[in-house]
């Protein structure tokens, strides 16, 4: 019995030691830039070696990283539970889909529209509910996610249950983006932009306000932070991330259907955020990657993929609420 | 059919739908009232209750038959087992999280819901299961309106369960302890009330009621599906909010109100039945904007 204790203590020490060593490496600024540079070069070189399947998986992974980072602003930074995130992703995808296939609007011009609609949707849902207990937001967003999906399935303009087809490809500097390699880079850039925005937001005045509201709402309000406005900003910014990601999703797929935006989709994105560690950018990136890569490696679990994810989510919440990428020492 | 007939028929439909909503909403509202937890898994517990009821009915059907006797026995067994499942979930997933941040416990509840839901999907291969019963199709005929005895029995069974619950909460010591904990948990602990046991009991009762609703829904619709708990969970929450969350009479009333609103809402021109769910959520959002405390709720709004 005593031996077990000692073993546990040794294990604790050695993992702690390893963790600290990793932080020592990562936290030296010069090393950090070296790591970024190595990762970027790796991403740039990958298409030269990889086949279309690998390209597809990685573009998907970058796409989910973007979505997870967007949801992380709502869940991780502001501490609000959003269970209908797929709805914003749907708003963006359908905006691009409808404008390009029905009205032949240039793809790039549809992005501002998608941003606008995401903001409107965010204000309609967030405005009234953010004044109440945060539990209400969770259930209202869940209902909103269903409303958007049902609306997409029953309206004429969205193509009903069979969805929209014939979404036009974007053209960038004379090059039509149609190959998977193009979208690999598009989603990589999208993910990098999302990382940069998340990073800047986290260390901004607004980011600190979010953290304050998340930790102690009453104290934050006493310090003059407008609690509702600050939460609404988080909700809207998260919505914009989802909307813009949705535009590119529509362009990549050229066809979208309401079933892409089911409740499971929202839960999956939330899982990515929870898995890696809420509120921490590297953690969320890892979470998004795991979300896409895990099912590719464990094909035999295909049928039980969501069950495995659900159990993992439960275990993480019970035993490791900080996520797989631990909090840095500060 | 005359307009009056249509109204009467929808009244009957709305009452049945409302009974299911009320029974599920009671579990939501009781758990919320006592530990302020939005139990996302509650809709899935209703689904599990329905599947357990079907499994038990299939087993005992050869002895007791598939009529009312068999159904009643299956419903009671399912209520007990599902109630214990509710207690298990509370012990494993919620007790360790009670002091954690609110977001963590909400995500835990969601995870429990996903485990139940995906587990049921894996077991049933995602297929509908026929809920075979032998009740006949006789009923009461009033002009063009036709109400089967099954429908009458379901509404009566709901009424019996609700009256029992009301008596339990207001006439027994356990019920008194429940009401006291909803007001002040720490004071209850000082007074020697076994708070954890009472919370477990609340989960038991709430889950058992959901299981009853699940079995009744199976009898009424004739088939069950792993996905059946999702929408009713949302609707039951809406019912609880309509009545005032935390209030037991509120949940009963809210469920009936929502059931009737939905039944009549589908009769409004241009709103087909495919928009039925949207209608319910729109009510929820409007209610949260204008009267978040519901019909019978307390007037103060507690902030998070």
**OP:** Compute the long axis of helix B:68-89 from its Cα atoms, compare it with the longest principal axis of the Cα atoms of chain B, and write down the angle in degrees, 0 to 90, nearest 10.
**Re:** 30 degrees
**OP:** Enumerate the whole-percent occupancy of each 10 Å bin, from 0 to the last occupied one, for all C-alpha pair distances of the stretch B:3-290.
**Re:** 7, 28, 35, 22, 7, 1, 0
Subject >> Acute angle (nearest 10 degrees) that the helix B:228-243 long axis makes with the longest principal axis of chain B, alpha-carbon atoms >> reply: 70 degrees
Subject >> Average beta carbon contacts from partner chains per residue of B:278-291, 10 Å cutoff >> reply: 4
Original post:
Using the beta-carbon distance between residue A:165 and residue A:222 and R0 = 56 Å, what value does 1/(1 + (r/R0)^6) give for FRET efficiency, to the nearest 0.05?
Top reply: 0.55
**OP:** Give me D for the protein assembly as shown in µm² s⁻¹, whole number, from Stokes-Einstein with Rh from the Kirkwood sum over alpha-carbon pairs, 25 °C and 0.890 mPa s.
**Re:** 94 µm²/s
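Considering Cα pairs under 8 angstrom that are at least six residues apart, work out the relative contact order of the stretch B:80-184 and quote it in whole percent. Mind dumping the intermediate values first?
Numbers: 35 pairs, mean separation 10.0, N = 105.
Relative contact order of the stretch B:80-184: 10 percent.
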Subject >> Cα extents of the stretch A:180-286 along the three principal axes, largest first (Å) >> reply: 50, 27, 24
**OP:** Within the stretch A:166-205, find all residues whose amide N lies under 15 Å from a label point positioned 7 Å from the Cα of residue A:296 along Cα-to-beta-carbon.
**Re:** A:180-188
Subject >> Estimated distance in nm for a label pair at residue B:135 and residue A:56, the labels positioned 7 Å out from Cα along Cα-to-Cβ >> reply: 4.8 nm
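Work out the FRET efficiency for residue A:172 and residue B:100 from their Cβ-Cβ distance, taking R0 = 41 Å, and round it to the nearest 0.05. Show your work: numbers first, answer last.
Details: r = 47 Å, r/R0 = 1.13.
E between residue A:172 and residue B:100, to the nearest 0.05, is 0.30.
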Original post:
What FRET efficiency would be calculated for the residue pair residue B:282, residue B:64, taking the C-beta separation as r and a Förster radius of 45 Å, to the nearest 0.05?
Top reply: 0.55
Original post:
Hey, what angle do you get for helix B:195-221 against the long axis of chain B, alpha-carbon based, 0 to 90 degrees rounded to 10?
Top reply: 10 degrees
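For the stretch A:26-319, what does the relative contact order come out to in percent, with C-alpha contacts under 8 Å and a separation of six or more? Working shown, then result.
Details: 437 pairs, mean separation 101.1, N = 294.
The normalised contact order for the stretch A:26-319 reaches 34 percent.
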Subject >> Pair residue B:4, residue B:184: separation of 7 Å Cα→Cβ label points (nm) >> reply: 5.6 nm
Original post:
Given labels modelled 7 Å from the Cα in the Cβ direction, how far is it in nm from residue B:173 to residue A:311?
Top reply: 4.2 nm
Original post:
When Rg is the radius of gyration of the Cα atoms in chain A and Rh is its Kirkwood radius, what does Rg/Rh come to?
Top reply: 0.99
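Values quoted throughout were computed directly from the atomic coordinates according to the rules given, and no laboratory measurement underlies them. Since we're looking at a predicted model, the values are computed, not measured. Ideal geometry is used to build each Cβ from the backbone, glycine not excepted, and the neighbour counts take in all protein chains shown.
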